[in-house]
1. Specify the residue that is nearest to residue 23 (Cα to Cα); the eligible residues are those in the stretch 35-73 that are without any contact (Cβ under 8 Å) to a residue 40 or more places away in the chain and of a type in the set (D, E, K, R).
2. Among 253, 271, which is the only one that is in a strand (DSSP E or B), under 19 Å from the mean Cα position of the chain (by Cα) and either at pLDDT 95 or above or under 21 Å from residue 108 (Cα atoms) (or both)?
3. Counting just the residues of the stretch 103-130 that are touching a Pro at 6+ places or on another chain (Cβ under 8 Å) and more than 22 Å from residue 17 (Cα to Cα), which one comes out modelled with the lowest pLDDT?
4. So, in the stretch 1-57, exactly how many residues are of a type in the set (Lys, Arg) and assigned to a loop (DSSP other than H, G, I, E, B)?
5. Being surrounded by fewer than 21 Cβ atoms within 10 Å (Cβ to Cβ), assigned to a helix (DSSP H, G or I), more than 15 Å from the chain's Cα centre (by Cα) and not β-branched (Val, Ile, Thr) narrows it down to one residue among 145, 239, 177, 152; which is it?
6. Would you mind stating whether residue 260 is in contact (Cβ under 8 Å) with a residue 60 or more places away in the chain and among the acidic types (Asp, Glu)?
7. Restricting the search to the stretch 212-236, which residues are out of contact with any strand residue (DSSP E or B) (no Cβ under 8 Å at 6 or more places or on another chain) and crowded, with 23+ Cβ neighbours inside 10 Å?
8. Could you list, in sequence order, all residues of the stretch 123-142 that are more than 27 Å from residue 202 (Cα to Cα) and part of a loop (DSSP other than H, G, I, E, B)?
Amino acid sequence: MESPLLELAGAVEADFPDAGIAAHYGDPFAEQRALAETAGLVDRSNRDVLTITGPDRLTWLNSLSTNKLDALEPGRAAQTLILSPHGHVEHHLSLVDDGTTTWLHVEAGEAQALLGFLESMRFMLKVEPADVSADYAVLTLIGPAADPGAVADRSATLAFEFGADLIVPRPVLASAAAALRAGGVRPAGIWAHEALRIAGHRARFGTDTDHRAIPHEMGWIESAVHLNKGCYRGQETVARVHNLGHPPRRLVMLHLDGSEDRLPEHGEQVMLDQAGIGFLGSSARHYELGPIALALVKRTVPVQDTLLVAGISAAQEVIVPPDAGANVRVTLRRRPVAG
């Protein structure tokens, strides 16, 4: 579904995986500054939205996913993962419960697969999952002056450290954006959002992950995984890595050689001494840091070594340290939105 915000002045549509929304509105670096220093609005209406109703919804989600959700307070946002039986990440969910309905959003195109899984796990419980992507959309507000309360028609608010996701009815998408713009909030494209997300060391499902990704590799322990809760599918892998070993790979931020006038493409092989040691996920040009990227590389790669991606040299900035797991408590060094 193409967003009505593509009709705003200067809008340039993004490519896959963000087709249908704006890459930028004419000045990506100024848009980044707005997100970091004042207030910016990012159209993320390409994301899929689901709801779950019924009195058993939170205990049910708690039993299916990695985070502790059975006592989630109304209005408090959370992240959680659906894992395969072998512990690989199959879905990354952002969610909030309003007391009667759990609202969640996922990457574009993920709703049907997730809904199929949820439907298969209902059994006799009183839960009703539904794909409402055609009726609701996500807008993200980021910045110290951002005020989610300015959008009266929002159905749910997911407040995170990295901005607030507003779920609004699709018919009011344009008017909600117009009201925010009238209050001084600057429209910012997904390029600006991605640059700050990468700089903030936050992995994106489907872009920075592959079919083998496990939570420890991606830095999702504690933010999306609760280590002291009841059983769920894939828990054995999480527990084994946490208690006995290390993940085979680690997420790293790359500072790319700024003398190059191009960014390496998603999926490019990351090289060390002419050997492949991982793959590139997201890349962007940051308004202060220059060209940056996220990559998933072998855990044993020395953190001080310079890597090569599509012929571009890249220095590492550690996100997930090599000693992650094995009962090592890792506190990720998240960059603040302002860099």
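1. 73
2. Of the residues listed, the single one that is in a strand (DSSP E or B), under 19 Å from the mean Cα position of the chain (by Cα) and either at pLDDT 95 or above or under 21 Å from residue 108 (Cα atoms) (or both) is 253.
3. Per the stated criteria, the residue is 122.
4. Selection size over the stretch 1-57: 2.
5. None of the others qualify; the one that does is 239.
6. Values: in contact (Cβ under 8 Å) with a residue 60 or more places away in the chain: no; among the acidic types (Asp, Glu): yes.
In short, no.
7. 221 - this is the single residue of the stretch 212-236 that is out of contact with any strand residue (DSSP E or B) (no Cβ under 8 Å at 6 or more places or on another chain) and crowded, with 23+ Cβ neighbours inside 10 Å.
8. Let us first name the residues in the stretch 123-142 that are more than 27 Å from residue 202 (Cα to Cα), namely 123-130, 134-135.
Result: 123, 124, 125, 126, 127, 134, 135.
The values are calculated or read from the model by the stated rules, or taken from the named source; none is laboratory data. Since the model is a prediction, treat every value here as computed from it, not as a measurement. Every residue, glycine among them, receives a Cβ derived from its backbone with ideal geometry; neighbour counts consider all protein chains shown.
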